Each structure stands twice: as C-alpha cells, then as structure tokens.
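The values are calculated or read from the model by the stated rules, or taken from the named source; none is laboratory data. Keep in mind that what you see is a predicted model, and the values were worked out from it rather than measured. Cβ: placed from backbone, ideal geometry, glycine included. Neighbour counts: every protein chain shown. Just so you know, the surface numbers come from the protein's heavy atoms only, side chains and all, with ligands and any DNA or RNA stripped out. Shrake-Rupley method; radii C 1.70, N 1.55, O 1.52, S 1.80 Å.
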Amino acid sequence: MSDAPVFLNHLGIVCALGTDVASVRTALFRADAPAGVAVDDTLVPGHALALGKVVDTLPSLDHHPVQLRGRNNALLRAAYMQIQDSVQQAIERYGPARVAIVVGTSTSGIGEAEQAMAHWQQHRQWPAGFHYVQQEIGAPSRFLAAESGARGPAWTISTACSSSAKAMASAARLLRAGLVDAVITGGADSLCEFTVRGFMALESVSAERCNPFSTHRHGINIGEGAALFLMTRAPGPVRLAGWGETADAHHISAPEPQGIGAIEAIGQALARAKLSPAQIDYVNLHGTATPQNDAMESRAVTAALGSGVPVSSTKPLTGHTLGAAGAVEAGLCWLAMTDNPAYRLPPHWWDGAADPALPPLAFVAPGDRAKGPLRHVLSQSFAFGGSNAVLVFGGE
C-alpha cells in the first residue's frame, strides 16, 4: 500500500479572506483590489500594522473544558465545522480508531497565556478562564479528537512555518502505511502580541500590505487562520501527489541563500509525484516579502522549475499564517483546482517593481487565467532553522 494515492476530499478554511470556502474563493480571485490584510492598531498597542486578521465571530467552545478553549481552537472549529459531516461519515464507515488527526501549529494557546500573564501581573492570581494546558503544542490535535470523536493516532507538528505542510505529508504516510483509513489534517495559528513582537524584534514586519519580490519589499504581514482537509485513499477532487521535506539547518532564522534545501525539497516532491518540472502548472510561493526569503526562493524556483511557470505569493491577501500557512495555502491551491471553470489563478498582489538582483519569475497578475484546468500545482513552505516542505497536488 506504500504507493497508494491519497486524496484531499473535503476542505474547511478560515482566514483573513473569509470564513468558508465560498467567501475565501470569491475574495481570492478578485481582480479589482486586494482583500484580506488590513491595518490594525489594537493587537500591539501603539503600532498600526497590516495584519491578516479573522474579523468574523468564531464559533463558541463553551461545550469543551477550559483546557481546550482558546482562539487557536476556535479557528480550528470554524474550519472543522465545514467538513464535519464528511468526517462523521468516515467515522461511521471506518470506525473511530481508523480516523487519525495530524495538524500543525506554532502558536497554540500562547495568546491565552499572554492575556493570563497580564491578569496575573495586575491581580497576582490567574484568571478563572485560563489553564496552562491551553498553551501546550499538542492542544490542537487533542481538541479535534474531542470535537470529532476520532480515536485514531493524533498528534501536532510544530516546525514553525512548515508545520502544517509537514502535517499533511505525515498524514499521507499514515494512509499509505495502511494504519488508518482517513485523516483530519491541516493546521491553525492565531494572532497574538507575543508572536508579532517577536517578528518586530527581527525587523521583519511591514506596517503596510506586504510586497513580495519587489525591490521595495520590507517585511511580512502576520496573519491567522485554519485549514483542514479530510484526507483518504478514496478518490476525491484533488490528490496529494507528492511531498518533499528537508532541513538544511543553515541559520536559526535566515534561509540558506542559494536555496539548497528548498531545491532538494522541490526535487523530492516532483520525484514522489513522478512529474517533471515542465508539468507544474502553477506554484504557490512561500513569498514572505522579507529580503532574504524572497532572494532565496527566487533562486530555488528558477533552479528547480525554471522561470516560465506561473507563480504567486498569496500572503498579501492572508498574511503569513505561520504554522497554518502550509495548510491555508494548500487550501487556496485546492480552490484553484476545483469548481474553477474560468481557470482563474491566485494573483500576486505587489507594486510590480521587480528586484533586479533576483532571477525573474512569471508572476500571476490579478485576473490572469490558466489555459485550461490546473493539472499539477506545487506549494512551498520554508521555516526558521531551514525546515523546508513542498507539496504537489494533482487534479482530476
């Protein structure tokens, strides 16, 4: 069963573009003006920053114990509710022990912890609605197990910005090994002051909508969101055709300048999918708009895939959702590959001033369309510490 195909049968998604598949699809393909990211001056007092914030009300978690409450899990529930019926059908068909959960995150309940710490500093006691377990990295997978009733293997992966892409690869390995029959997989991350100030300390945050690959780029927009798939061996609209994972360990926060680890991860993903570079129809770039990431990524894409494949970074729309980025951007690729009769491509919103020091890439302009259905799409996630993850998706 090691080569059995695995499919992304159903998608639930919430991010700055919207809180369901329909709203995210509409906002993603807008050609008149970019949606999603907006200036916010409430998260970090005294600093107006462009953030990918989910502004709609999230579902209640009151039916769960306090240990499982928090914004990260509320984002997860918003995504899960969109695939709930399909998950329950899988549990009924295969049994709860044959349905696994593999998700990625980097924040988990840090936001709740920082709010609790502020309360403790003022009152010298913890607030009633806080439990230290909320901030544990394993909280998202525990929450989904409680929410869904799935009783198969359940774990959370936290490798910074490659977390949920690696979770999806891990889920595919579970299925191919025959250990389970269905996996709830994806990831979530929530905005919190701790994370944003951390990137501010690195001088990596832009106060305006980020401008990836521009000569004027000067940093990222932090975002939040969640995306979940029901992954099975039963045929579905999108196949996870291949994946590649490397760890070049070049630097704690800076990427390896020539993209050696990224190139190897792309090569692994193509080999596993049994595809040549020429067969890739579109690439969703990591595209953080930081000087070093964009320089590395442009070199890696050119070396591994050439300069002619259509590419875009969707982070000017969603913000960088950190540990959720791999899953959220996989969701955007899924939307481009399904129910898209006009063959619209996710646009690359920027000022068009290409950095002359970087290899040129074929950026998708707003309103651009493919010549036909997207058959093979590649998505890249690159993280601190040189953790690289690349996913390749195949269409029907």
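Mean sequence separation of contacting Cα pairs (under 8 Å, at least six apart), scaled by the length of the chain, corresponds to a relative contact order of 23 percent.
Can you work out the FRET efficiency for the pair Leu202 and Gln122, with r the C-beta to C-beta distance and R0 = 35 Å, to the nearest 0.05? Efficiency, rounded to the nearest 0.05: 0.75.
Enter the accessible area per residue of the chain (Å², integer; probe 1.4 Å; all protein chains in place). It would help to have the intermediate numbers written out before the result.
Details: 14880 Å² over 396 residues.
Heavy-atom SASA per residue in the chain reads 38 Å².
Working value for segment 56-199: equivalent-ellipsoid semi-axes of 29, 17, 12 Å, each the square root of 5 times a Cα gyration tensor eigenvalue, largest first.
Just how large is the dipole of segment 245-316 about the Cα centre, in debye to the nearest 20, putting +1 at every Lys and Arg Cβ and -1 at every Asp and Glu Cβ?
160 debye
A cut-off under 15 angstrom between Cβ atoms defines the neighbours of Thr290, and their net charge, with Lys, Arg +1 and Asp, Glu -1, is -2.
Quick one: plug the Kirkwood hydrodynamic radius of segment 1-121 (C-alpha pairs) into Stokes-Einstein at 10 °C, 1.306 mPa s, and report D in µm²/s.
Roughly 91 µm²/s, to the nearest whole number.
For Met117, Met231, what's the largest-to-smallest order of accessible area, 1.4 Å probe?
Working: Met117 85, Met231 0 Å².
Largest to smallest exposure gives the sequence Met117, Met231.
Relative to the Cα centre, the charge distribution of the chain, modelled as +1 at Lys and Arg Cβ and -1 at Asp and Glu Cβ, gives a dipole magnitude of about 820 debye. In the chain, the portion of solvent-accessible area held by carbon and sulfur atoms comes to 54 percent [1.4 Å probe, whole percent, DNA, RNA and ligands not counted].
Semi-axes of segment 168-248's equivalent ellipsoid from the Cα gyration tensor, sqrt of 5 times each eigenvalue, largest first, rounded to whole Å? All intermediate terms of the calculation are to be shown ahead of the outcome.
Details: eigenvalues 241, 45, 33 Å².
Result for segment 168-248: semi-axes of 35, 15, 13 Å.
Rg and Dmax of segment 298-383, both derived from C-alpha coordinates alone, stand at 13.1, 38 Å.
Each Cα pair under 8 Å and six or more residues apart adds its separation to the average, and for segment 269-310 the resulting relative contact order is 46 percent.
Rg and Dmax over the alpha-carbon atoms of segment 251-316 stand at 11.9, 34 Å. Treating cross-link reach as a plain straight distance, find the lysines whose alpha-carbon is under 21 Å from the alpha-carbon of Lys274, omitting any fewer than eight places away in the same chain. Output for Lys274: Lys166. Both radii were evaluated on the Cα set of the chain; the Rg over Rh quotient, with Rh as the Kirkwood radius, amounts to 0.95.
Before anything else, pin down the relative contact order of segment 182-283: Cα pairs under 8 Å, at least 6 apart, normalised by residue count, whole percent.
Details: 99 pairs, mean separation 26.3, N = 102.
It rounds to 26 percent for segment 182-283.
Heavy-atom accessible area for Arg69, with the other protein chains in place and a 1.4 Å probe, reaches approximately 90 Å². Cα centroids of segment 255-325 and segment 64-114: 29 Å apart. The residues packed around Gly219, meaning those with a beta-carbon under 10 Å from its beta-carbon, carry a net charge of -1 if Lys and Arg are +1 and Asp and Glu are -1.
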